[in-house]
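I have placed the structure first, in the form of structure tokens, so that the comments after it can refer back to it.
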Amino acid sequence: MSTTRGSRLDPAQLARGLAAMLVSIGVLHFVAPAPFDEIIPEEIPGDPRTLTYASGVAEIGLGAALLAPKTRRAAGALSVLLFLAVYPANINMVRLWWNKPLPYKIVALARLPFQFPMIWAAARVAREG
């Protein structure tokens, strides 16, 4: 496929990729919630397990909405907000894992910039649906 900017994924392909990722991660929030509970910053009010389940529901719901053309743009915009909302947990993970062995530290640090392409993709889906 080509566009005026060359070959790249179209918004529907981005939406499908984001949907697969969000649904998969959302399901993990229910299958193995403890790792998600642990990285929720203490400064965020609420029960960590409840917040883990709530974010899992949001991820599964947004993933499903990204697959439907009628809800794709709204789901893209809401996905941007979700990715921004969970960023403090990623930062907290770095803080919590800073004194762990190097592979753990690398995983924690790698999560930080990984959010930006996801935000970009979700924003593009929101704009171009």
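Residues in segment 3-21: is at least one assigned to a loop (DSSP other than H, G, I, E, B) and modelled with pLDDT of 95 or more?
So far as segment 3-21 goes, no, none of its residues is assigned to a loop (DSSP other than H, G, I, E, B) and modelled with pLDDT of 95 or more.
How about segment 58-69: which of its residues are farther than 19 Å from Y87 by Cβ and either part of a helix (DSSP H, G or I) or of a type in the set (D, E, K, R) (or both)?
I60, G61, A64, A65, L66, L67
Which residue, of V57, V80, is among the β-branched types (V, I, T) and farther than 16 Å from A126 by Cβ?
Result of the check over V57, V80: V57.
For segment 57-71, state whether one or more residues are over 22 Å from V27 (Cβ atoms) and not aromatic (F, W, Y).
As a first pass, look at segment 57-71 and keep what is over 22 Å from V27 (Cβ atoms): 69-70.
After this cut, where a residue has to be not aromatic (F, W, Y) as well, the list is 69-70.
Yes: segment 57-71 contains one or more residues that are over 22 Å from V27 (Cβ atoms) and not aromatic (F, W, Y).
What's the number of the only condition in (1) among the β-branched types (V, I, T); (2) farther than 30 Å from G129 by Cβ; (3) without any contact (Cβ under 8 Å) to a residue 12 or more places away in the chain that I39 fails to meet?
All conditions are met except number (3).
Working only within segment 85-103, note down all residues that are outside any helix (DSSP H, G or I) and either within 15 Å of the chain's Cα centre (by Cα) or not basic (K, R) (or both).
Those that are outside any helix (DSSP H, G or I) and either within 15 Å of the chain's Cα centre (by Cα) or not basic (K, R) (or both): W98, N99, P101.
Criterion first (part of a helix (DSSP H, G or I), basic (K, R) and surrounded by fewer than 17 Cβ atoms within 10 Å (Cβ to Cβ)) does R73 satisfy it?
Criteria not met by R73.
I'm checking my understanding of the structure. Among residues of segment 29-48 that are β-branched (V, I, T) and in a loop (DSSP other than H, G, I, E, B), which one is surrounded by the fewest Cβ atoms within 10 Å (Cβ to Cβ)? Spell out the reasoning first.
Initially, segment 29-48 is screened for residues β-branched (V, I, T), giving 31, 39-40, 44.
Cutting the leftovers down to in a loop (DSSP other than H, G, I, E, B) gives us 40, 44.
On the way: I40: 21, I44: 12.
So the residue we want is I44.
The values are calculated or read from the model by the stated rules, or taken from the named source; none is laboratory data. Just so we're clear, the structure is a prediction, and the values are computed from it rather than from any experiment. A quick note on method: Cβ atoms are made from the backbone with ideal geometry, for glycine too, and the neighbour counts reach across all protein chains shown.
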